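Data block below; observations after.
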Amino acid sequence: MSTLRQDPTSRQWAVMAPVRADRPHAPVVVPRPDLPELDPSCPFCPGNEHQTPPEIFRDPKEGDWQVRVVPNLYGALSGDDSVARSGPPLFREMPGVGSHEVVIESRRHDGRTDEMTQPDLARVVDVWRARYRELIVQHHIRAVVVFKNFGALAGTSLTHPHSQIVATPVFLPRLLRRVDVATRYYDENGSCVYDDLIAAERAADIRVVDEKGGFIA
């Protein structure tokens with residue numbers, strides 16, 4: 001029998017129906033492309049830096065870059081003009097200001113995030129963090145999101161390993177909801193919902209995948 005399970009951090013319900021795993025379906029098999037280490041036609045490969053907009057950030061700052069950040073040539077948001085809203089309440093709009101950046105994660109055209117060495121992946125995460133800190137303090141920015149599409153089925157248009165950073169002038173509803181739920185939980189129970197959830201998961205010892213330092217999955 002299926003069950004409904006509630007996420008205590010958002011109070012949203014999800015249906016857990018194991019029987020649906022047995023339904024017939026045609027698996028989608030996407031063959032892994034045979035990519036070269038360097039593609040002369042790829043704008044993200046070393047030597048083609050002139051094919052991207054001027055870089056915003058690079059690591060390291062001197063010598064050959066290992067991670068490079070450039071504006072998205074087809075960015076969804078740009079500029080830091082007025083964020084004034086206009087229109088009646090049911091048809092509100094505002095200028096599409098903000099930032100849309102591309103993080104070129106490796107010099108290798110055939111690189112993959114899931115196959116990176118720990119130091120190389122740490123470098124990418126450090127760049128994400130550096131860009132987040134730079135963007136979130138800007139007067140017109142309210143939220144910064146890092147995301148990554150992988151493969152054609154996910155909508156990626158370039159195979160060279162890269163991720164994207166979008167900084168928006170509005171708060172994300174999902175984030176606001178989690179803050180509201182956490183605040184109400186504290187008012188009702190006098191403790192943090194995340195601390196209590198982690199303690200409960202540790203005690204149950206069913207869904208904890210791994211734990212190291214200040215991180216738990």
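Quick note: the coordinates plus some simple rules give every number you see, no bench work behind them. Small disclaimer: the values here were computed from a predicted structure and weren't measured. All Cβ positions, even for glycine, are placed from backbone atoms using ideal geometry, and neighbour counts span all protein chains on display.
Couple of notes before you dig in:
- Point-to-point label distance, SER41-LEU77, nm (Cα→Cβ direction, 7 Å offset): 3.4
- Counted over the range 107-200 with a bin width of 5 Å, the fraction of Cα pairs per bin, in whole percents, is 2, 11, 14, 15, 15, 16, 15, 7, 4, 1, 0.
- Charges were assigned to the Cβ only: +1 to each Lys and Arg, -1 to each Asp and Glu. The resulting dipole of the range 1-145 about its Cα centre is roughly 820 debye.
- Separation of alpha-carbon centers, the range 122-146 and the range 16-68, rounded to whole Å: 20
- For the chain, calculated [θ]222 nm from helices alone, where every DSSP H run of n ≥ 4 adds -39500 (n - 2.57): -7500 deg cm²/dmol
- Sites ARG32 and LEU176, calculated FRET efficiency, Cβ-Cβ separation with R0 35 Å, nearest 0.05: 0.35
- Neighbour-count order for TYR186, TYR132, fewest beta carbons within 10 angstrom listed first: TYR186, TYR132
- By the Cα gyration tensor, the range 175-216 has an equivalent ellipsoid whose semi-axes, rounded to whole angstrom, run 23, 12, 9 from largest to smallest.
- In Å, descending, principal axis extents of the Cα set of the chain: 56, 49, 39
- Farthest positive-ward along the chain dipole, Cα basis, beta-carbon charges - from GLN118, THR159, TYR132: TYR132
- Packing-based exposure ordering (other Cβ within 10 Å, fewest first) of CYS42, CYS192: CYS192, CYS42
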